[in-house]
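Chemist: Let me give you the structure first, and then I'll get to my questions.
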Amino acid sequence: MVYVLSKEGKPLMPTNRHGKVRHLLKDGKVKVTKRTPFTIQLLYNSEEYTQPITLGIDSGYQNIGLSAVTESQEVFSAEVKLRTDIVKLNSERRQYRRSRRNRKTWYREPRFLNRKKDNGWLAPSIQHKIDSHIKLIDTVKKILPITKINIEVANFDIQKIKNQDIEGIGYQNGDQSGFWNIREYVLYRDGHICQHCKGKCGDKILEVHHINTRQTGGDRPDNLITLCGLCHEKVSQNKLQLKIKVSKGYKSESFMSMVRWRLVNIIREMGDIVSHTYGYITKGNRIALGISKSHANDAFVIAGGAKGISQTRLNSYLIQQVRKCNRKLYKGIRSHIKNTASRFVNGFQRFDKILFESIECFIFGRRATGRFDIRLLDGTVVSSSVSYKQLTLLECSSTLLIERGSGNSSNS
């Protein structure tokens, strides 16, 4: 898929007519603005015709799924791996500051009275996750004319768990939709592991067991527990007695829902049309469509994929979020020794996208001798020590490393 921008830089509908794109490039009527995803900009005036495009977001703490669909096809798909080192780096920075205050340096004196938290303050690690979601949404909006955004705000609906009589569009999916919501919560609460054998039986099939009968205990979460198939069969045959206390709290689940709800409100304030859904609805629709579990596939379902018409799928882009740069720490005011290597080594820097023997990969390590550690985003080591003379620079370093994926090409 080739993404197209107008002469003014506004996103237009993408195209897969590669022959026409090559002719336009050869005639000098368009220019390449981005290599991955491949994006061109028209150098002449044209009609700015667009179609409705829905962006589905499978939001998460470590991974995000993105999928943009029209009525006939999927026009963008990606799986994103977010940074998880924010807490560690903040802790290191705090320690550096404390140690500086205990020795004579040229840094400013500590100012303890100017530390106050604004309304709506979030911990830096959580705020970073929200900012990353917004950045990814803006990245997609720069290449596609998104008209609507759907976000999965939680795995389950807490209000629906507490009161199954609540009605709404999201709950009109059959008699068992309410129980599927509670079932997903119980599996999540128990960590997707058998609460009796803790996985020692080796049975990967999980069941949600009623501690008391459904007639007497109902489908309340405190009456449900996760068991593997073998343990569930033993309990059903009265060969095993359970002695497990089940937590009744919703604190952590409510917290994650709050964070996602804040994301929904922020995007809505930006002027976008936003709707939300829940994980148990996504899972039910995905199973009904016969699609395998992945963040990109969940995002496709969240975006409304395969509703009423078969839609052509795309291979997902793999995106990894990395640091913009490493802090260079000096030993002291009179020292010229650095703790890190030079940023550029023979014209290359860390996280540059390069070409090596027809393989597109990234620089993950550098040495002053001019040899590099190059890998794919999935961790595959292409070469642990290759000379800079064998590398060709494709894209400069960025905080979002993007690689063309090979999976997820199917028609639904």
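Chemist: Which order, highest average first, do 33-40, 83-90 follow once you tally other Cβ atoms within 10 Å for each residue and take the mean per peptide?
Modeler: 33-40, 83-90
Chemist: Just to verify a number: FRET efficiency for Arg83 and Asn45, C-beta to C-beta distance, R0 = 41 Å, to 0.05?
Modeler: Taking R0 as 41 Å, the efficiency between Arg83 and Asn45 is 0.50.
Chemist: A further question follows. Which value in nm describes the separation of the simple spin-label points at Cys197 and Arg343, placed 7 Å from the Cα toward the beta carbon?
Modeler: 5.6
Chemist: If I model a spin label at Asn212 and Asn265 as a point 7 Å from the Cα along the Cα→Cβ vector, what separation in nanometres do I get?
Modeler: 3.8
Chemist: Give me the one-decimal nm value for the distance between modelled label points at Leu289 and Lys31, 7 Å along each residue's Cα-to-Cβ direction.
Modeler: In this crude label model, Leu289 to Lys31 measures out at 3.8 nm.
Chemist: Going by how many other beta carbons lie within 10 Å of each one, how would you line up Val69, Val235, Val381, fewest first?
Modeler: Val381, Val235, Val69
Chemist: For a 25 Å ceiling on Cα separation, which of these pairs sit above it: Lys29/Lys81; Lys26/Lys141; Lys10/Lys34; Lys198/Lys239; Lys20/Lys142?
Modeler: Going by Cα-Cα distance, Lys29/Lys81; Lys26/Lys141 fall outside the 25 Å limit.
No value in this document is a laboratory result; all are computed from the given coordinates. Keep in mind the model is a prediction, meaning the values are calculated, not measured. Neighbour counts run over all protein chains shown; Cβ positions are idealised from the backbone, glycine included.
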